[in-house]
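Student: Please find one structure pasted underneath; my questions will follow.
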Amino acid sequence: MKTLKVPKMLHDVLGEETTLLNILLIALLTVFIMAALLLRSSETFAEAGLFKGGIAFLLIADIIAGAIANFTKGTNDFYARRPINRWIFIAIHVQPLLLSWLLNSSLVEAFVIWTAVIVSAIITNLLSGRPYQRVVGAFFMGIGVFLVLVLTQNDAIVLLTANLFFVIKVVFSFSVNHESTHVGLSGGKHEHHVL
């Protein structure tokens, strides 16, 4: 598939190159989920007020889009060549805390989820280049998903969705180097590729 050059201001999001398919799938998933959340739980955003609800809406859309974009070859390669940027990216992700404040939800629950995600992302990122990084990342993603399901209030579909995608985005789709060459059990090298 033909690659497209990404404008420099979007390199942190899509890398230096991507494909039209990548852009379409990221956009479709984000629009679909955000539309569904508005139809199902528009009162959650409305109760927060226009300003806070609007910012929360944009933050959730960013989380969903990023959860998919971080799996693309362009984004993965961009951060694989810039390990310091990967650490900065992990450090600045405080969305659960912001969303908790914006949507008047439990800060304690958000703090537990955020702490678990950041610690998991740090450990997973430290394993870059190791053949077991992916399975460790998947393990921590499973822990994060479970914590989100247990801690998020039953009626809080907006926060449940945002936090689940936050776990996927930061712990697995971002912290795992999906394009690295690994040594297999037989000792031979092979490469793993995604879109």
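What follows draws every value from the coordinates through simple rules; no lab data is involved. Keep in mind that this is a model prediction, so the values were computed, not measured. Please note: Cβ atoms are built from the backbone with ideal geometry, for glycine as well, and neighbour counts cover all protein chains shown.
Student: Scan region 89-129 for chymotrypsin sites (Phe, Trp or Tyr not before Pro) in coil per DSSP, keeping those whose Cβ has at most 12 other Cβ atoms within 10 Å, and list them by number.
Tutor: Within region 89-129, no chymotrypsin sites (Phe, Trp or Tyr not before Pro) qualify (loop, at most 12 other Cβ atoms within 10 Å).
Student: How would TYR79, TYR132 line up from fewest to most surrounding beta-carbon atoms within 10 angstrom? Could the numbers behind the result be given before it?
Tutor: Numbers: TYR79 23, TYR132 10.
Ordered from fewest to most neighbouring Cβ atoms within 10 Å, TYR79, TYR132 come out as TYR132, TYR79.
Student: For a label point 7 Å from the Cα of MET9 along Cα→C-beta, name the residues of region 70-102 whose backbone N is under 16 Å from it.
Tutor: none
Student: Take every Cα pair under 8 Å in the chain that's 6+ residues apart, average their separations, divide by the length, and report that relative contact order as a whole percent.
Tutor: Details: 253 pairs, mean separation 46.7, N = 195.
Computed value for the chain: 24 percent relative contact order.
Student: Extending each Cα 7 Å along its Cβ direction at LEU20 and GLU43, get the distance between those two points in nm, one decimal.
Tutor: So the two model labels end up 4.4 nm from each other.
Student: Order of GLU17, GLU109, GLU179 from fewest to most other C-beta atoms within 10 Å?
Tutor: Starting with the residue having the fewest Cβ neighbours, the order is GLU179, GLU17, GLU109.
Student: Mind checking the full-extension length gain between ALA27 and LEU107? Use 0.36 nm per residue of separation minus the Cα-Cα distance, one decimal, nm.
Tutor: Gain in length upon complete extension: 25.8 nm.
Student: Could you give the dipole magnitude of region 63-155 about its Cα centre, charging the beta-carbon of Lys and Arg +1 and that of Asp and Glu -1, in debye to the nearest 20?
Tutor: 520
Student: I would also like to ask the following. Scattering from the C-alpha atoms of the chain alone, worked out with Debye: what is log10 I(q)/I(0) at q = 0.12, 0.17 1/Å?
Tutor: After summing over all Cα pairs, the log10 values are -0.60, -1.14.
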